[in-house]
Amino acid sequence: DAGVIQSPRHEVTEMGQEVTLRCKPISGHDYLFWYRQTMMRGLELLIYFNNNVPIDDSGMPEDRFSAKMPNASFSTLKIQPSEPRDSAVYFCASSLGLAPHEQYFGPGTRLTVT
Amino acid sequence: QKEVEQNSGPLSVPEGAIASLNCTYSDRGSQSFFWYRQYSGKSPELIMFIYSNGDKEDGRFTAQLNKASQYVSLLIRDSQPSDSATYLCAVTLSGYSTLTFGKGTMLLVSP
């Protein structure tokens, strides 16, 4: 298996623009997680899905953030409009279940908003 | 506010020494504990997890859990330069739950 795939790997955009991050989980994994990592706040869970259904989005910082999972092999995290404080590394992870099942992380998308 | 605290480091140890990484957590209901390793510019990867008080060994790694004192530690024996990375502690509240991560401790192993 290729592991969790994320695109793009790097994204540089201007404040106010829409940003869409993409994720393909490992085939057969029922859970998908979106995380954000910054030096100040560490690794934070934004939202997670079970069988394509959003279960907990309490970590989504603002209404500017939205996530979808239209099918078992694809998810998006959208930021509209983007702001400089959204600059971070965004990770997608998938697993067969909640902990203690191991979460497998994608390579991340480094987002820079100028 | 449930918190997971780690010293940011860097923790510097010479090659061959034992590296000791510590983590404390605020929620007494926390039930499972995980250590992830993250190389610079890479994604986190699971090293090991522990549920019960005491020690759990896996190769050069030993996780230690003390629920009464609310801390979990990771010992790395015979440290190698390739162990240089940031180590993230993560906990769950219940048996099956999402992970809450600490900010990580940077470990530097010098040859």
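Please calculate the 1.4 Å probe accessible area of A:L45, with all protein chains present, and give it to the nearest 10 Å².
Ignoring ligands and nucleic acids, A:L45 comes out at about 40 Å².
Are there GluC sites (Glu not before Pro) in segment B:1-98 that DSSP puts in a loop and that have at most 11 other Cβ atoms within 10 Å, and which ones?
In loop regions of segment B:1-98 (DSSP not H, G, I, E or B), the sparsely surrounded GluC sites (Glu not before Pro) are B:E3.
Of A:K24/B:K56; A:K68/B:K67; A:K24/B:K42; A:K24/B:K67; A:K78/B:K42, which pairs sit farther than 27 Å apart, going by alpha carbon to alpha carbon?
On the way: A:K24/B:K56 33 Å; A:K68/B:K67 38 Å; A:K24/B:K42 17 Å; A:K24/B:K67 37 Å; A:K78/B:K42 22 Å.
Cα-Cα > 27 Å for A:K24/B:K56; A:K68/B:K67; A:K24/B:K67; rest within.
Given a Förster distance of 22 Å, report the FRET efficiency between A:A2 and B:S40 from their Cβ-Cβ distance, rounded to the nearest 0.05.
Values: r = 23 Å, r/R0 = 1.03.
For A:A2 and B:S40, the calculated efficiency is 0.45.
Per residue of B:97-108, what is the mean number of Cβ atoms on other protein chains within 10 angstrom of that residue's Cβ? It would help to have the intermediate numbers written out before the result.
Details: counts 3, 11, 10, 4, 7, 2, 7, 4, 0, 0, 0, 0.
The shielding value for this peptide is 4.
Hey, could you pull the Cα Rg and Dmax for the protein assembly as shown, both in Å?
So, for the protein assembly as shown, Rg and Dmax equal 17.7, 51 Å respectively.
If I take every Cα pair under 8 Å that is 6 or more residues apart in chain B, average their sequence separation and divide by the length, what percent do I get for the relative contact order?
This gives 38 percent for chain B.
How shielded is A:32-40 by partner chains, expressed as the average number of their Cβ atoms within 10 Å of its Cβ atoms?
So the per-residue partner count for this stretch is 2.
Can you give the FRET efficiency to the nearest 0.05 for B:K56 and A:M40, using r as the Cβ-Cβ distance and R₀ = 30 Å?
Values: r = 32 Å, r/R0 = 1.06.
Step by step, r from the Cβ atoms, then E = 0.40.
Give me the percent relative contact order of segment B:41-106, please, defined on Cα pairs under 8 angstrom at least 6 residues apart. Can you show the working numbers first?
Numbers: 75 pairs, mean separation 12.6, N = 66.
Normalised by residue count, the contact order of segment B:41-106 is 19 percent.
Would you calculate the convex hull of the Cα atoms in segment B:42-111 and tell me its volume per residue in Å³?
Convex hull volume per residue, Cα atoms: 108 Å³.
Interface size between chain B and chain A, please: total buried accessible area, 1.4 Å probe, rounded to the nearest 100 Å².
It comes to approximately 1500 Å² buried between B and A.
HN-Hα J couplings of segment A:76-89 from phi, Karplus 6.51/-1.76/1.60, θ = phi - 60°, integer Hz, Gly and Pro as x?
In residue order, the calculated couplings are 10, 10, 10, 10, 8, x, 7, 10, x, 6, 7, 4, 5, 9 Hz.
Label B:A68 and B:I18 with points 7 Å out from Cα along Cα→Cβ: what is the distance between them in nm?
Distance between label points: 2.1 nm.
Let me confirm one metric for peptide A:77-88, namely the mean number of other chain beta-carbon atoms within 10 Å of its residues' beta-carbons. If you can, show how the numbers build up before the last one.
Working: counts 0, 0, 0, 0, 0, 0, 0, 0, 0, 0, 0, 0.
The shielding value for this peptide is 0.
The values are calculated or read from the model by the stated rules, or taken from the named source; none is laboratory data. Computed from a predicted model, the values in this text were never measured in an experiment. Here the Cβ is made from the backbone with ideal geometry for all residues, glycine too, and neighbour counts use every protein chain on show. Just so you know, the surface numbers come from the protein's heavy atoms only, side chains and all, with ligands and any DNA or RNA stripped out. Shrake-Rupley method; radii C 1.70, N 1.55, O 1.52, S 1.80 Å.
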